[in-house]
1. Hey, in the GNM for the chain with a 10 angstrom Cα cutoff, which one of H288, H93, H314 fluctuates hardest?
2. Most mobile of A127, A282, A345 per a Gaussian network model of the chain (Cα springs, under 10 Å)?
3. If I take R0 = 22 Å and measure r between the Cβ atoms of T263 and D200 in this structure, what FRET efficiency does the formula 1/(1 + (r/R0)^6) give, to the nearest 0.05?
4. Percent of accessible area on the chain owned by carbon and sulfur, 1.4 Å probe?
5. Taking the Cα atoms only, what angle lies between the long axis of helix 90-101 and the longest principal axis of the chain, rounded to 10 degrees?
6. Can you give the angle from 0 to 90° between the axis of helix 188-199 and the longest principal axis of the chain, with both taken from C-alpha atoms, to the nearest 10?
7. Tell me which aspartates and glutamates have Cα within less than 17 Å of K168's Cα, excluding those fewer than 8 residues away on the same chain?
8. Pairs of Cα atoms under 8 Å, at least six residues apart: use those to get the relative contact order of region 240-306, whole percent.
Amino acid sequence: MSAFEPDFAVLPRATPLKVVQVGAGGMGRAWIAALQANPDVELVGLVDLDLATARAAVQDAGLAGLVLGTSVAQVAASTGAEAVVNVTVPAAHHPVNVEALFAGLPVLCEKPVAPTVAEGLSLAAAAEASGQLLMISQSRRYFHGLTQLKAAAGQLGGIGVVTTEFFKAPHFGGFREEMAHVLLVDMAIHQFDAVRFLLDQDPVSVYCEEFNPAWSWYNGNAAATAVFQMSGGTRYTYTGSWCADGLETSWNGAWRVNGAGGTALWDGAGEPLVAALSGPVALEPASHAEEISGALVEFVSALRTGTVPSGEVHSNVLSLAMVEASVQSAGRQEKVLIRDVLDRAYAEALAAERRPDVRATLASWETPHARIGGPRHVEPAGSRAG
């Protein structure tokens with residue numbers, strides 16, 4: 001959890017929130033549909049470097065009257081937009097978010113916050129310097145089953161172990177099959193972020209091994225196992241493969257939560273199963289919006305009420321740090337401390353920052369841990385879960 005509480009402007013409730021979306025590709029079309037379905041927002045503009053792609057997306061969605069362009073700031077200014085949804089590729093997240101934030105616009109950005117933790121820290125500082133909200137859409141936080149699993153975990157006492165098994169066999173083609181750490185970098189962040197939400201704990205350290213099975217159709221490592229120590233003493237084990245044909249798990253993976261008072265299982269699709277020592281556990285059905293629609297609802301609510309959303313950038317950087325630390329651990333074949341990842345990334349961010357106001361904000365931080373959150377020490381081995 002972030003140690004910093006952002007202060008951002010609360011927008012009026014009277015009319016739907018006017019939104020400009022950046023990115024009109026495949027995921028962009030899914031976001032257009034989510035925006036259309038939400039009565040509390042109005043899509044007023046679409047930005048893409050390829051205007052033909054933008055026109056096609058607008059036509060296929062049956063929309064009319066949208067302003068199209070290649071500049072976030074220009075389209076926002078011409079439409080009176082109040083917020084931005086960023087659905088660009090990860091490499092474009094930083095420049096698009098910075099342009100929008102300093103145009104006075106809060107941003108809901110697709111995961112990951114950026115390709116590197118250093119860029120993520122820069123964006124956290126940019127949100128501070130601009131006084132605008134930057135929220136990252138970790139859409140898998142919003143599954144009903146995960147909400148129920150969190151409620152069940154809260155009834156199991158101290159949590160000792162959480163495991164996720166993720167086994168799928170997608171043939172994507174294209175860039176994913178060329179990535180060096182495809183499972184860890186492109187997919188595992190969903191489960192890493194979900195366990196932070198589930199436990200209300202942050203990562204302390206990780207030991208990770210990754211490899212590529214002999215039959216894999218990926219160039220990079222498509223299988224990995226990572227063991228995290230969490231700030232409350234819980235151990236979280238993630239193991240998975242993206243070339244695992246037969247008896248595949250759901251896209252959320254298969255989860256087991258074991259505590260002092262029993263165990264909960266979740267298959268990633270339906271409702272959890274709970275076996276508590278205290279007796280039967282009744283789980284209330286979840287009714288909130290799911291996936292990207294859930295992220296959008298929380299974003300709008302945050303702007304209407306001033307409540308800090310769960311995906312606020314300062315906290316979300318820790319989910320990306322789990323990925324970066326796992327890759328480093330696998331490469332070095334040793335345990336990696338999250339605090340060391342943050343320290344190195346902070347030095348990189350300071351050295352690379354070119355905006356004076358953002359650099360001054362970064363320099364004002366006592367430490368990245370004090371600003372971003374997460375543990376400042378490692379719990380002793382064998383410590384009891386809190």
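1. Among H288, H93, H314, the largest GNM mean-square fluctuation belongs to H288.
2. Between A127, A282, A345, it is A282 that shows the largest mean-square fluctuation.
3. Details: r = 19 Å, r/R0 = 0.86.
About 0.70, to the nearest 0.05.
4. Details: 8590 of 15760 Å².
Using a 1.4 Å probe with all protein chains present, the chain comes out at 55 percent carbon and sulfur.
5. 50 degrees
6. Approximately 70 degrees, to the nearest 10.
7. Partners within reach: E177, D186, E210, D245, E248, D267.
8. Numbers: 51 pairs, mean separation 11.5, N = 67.
Worked out over region 240-306, it gives 17 percent.
The values are calculated or read from the model by the stated rules, or taken from the named source; none is laboratory data. Everything quoted here is computed from the prediction, not taken from an experiment. Note that each Cβ is placed from the backbone with ideal geometry, even for glycine, and that neighbours are counted across all protein chains shown. Surface areas here come from the heavy atoms of the whole protein model, side chains and all, with no ligands, DNA or RNA. Shrake-Rupley method; radii C 1.70, N 1.55, O 1.52, S 1.80 Å.
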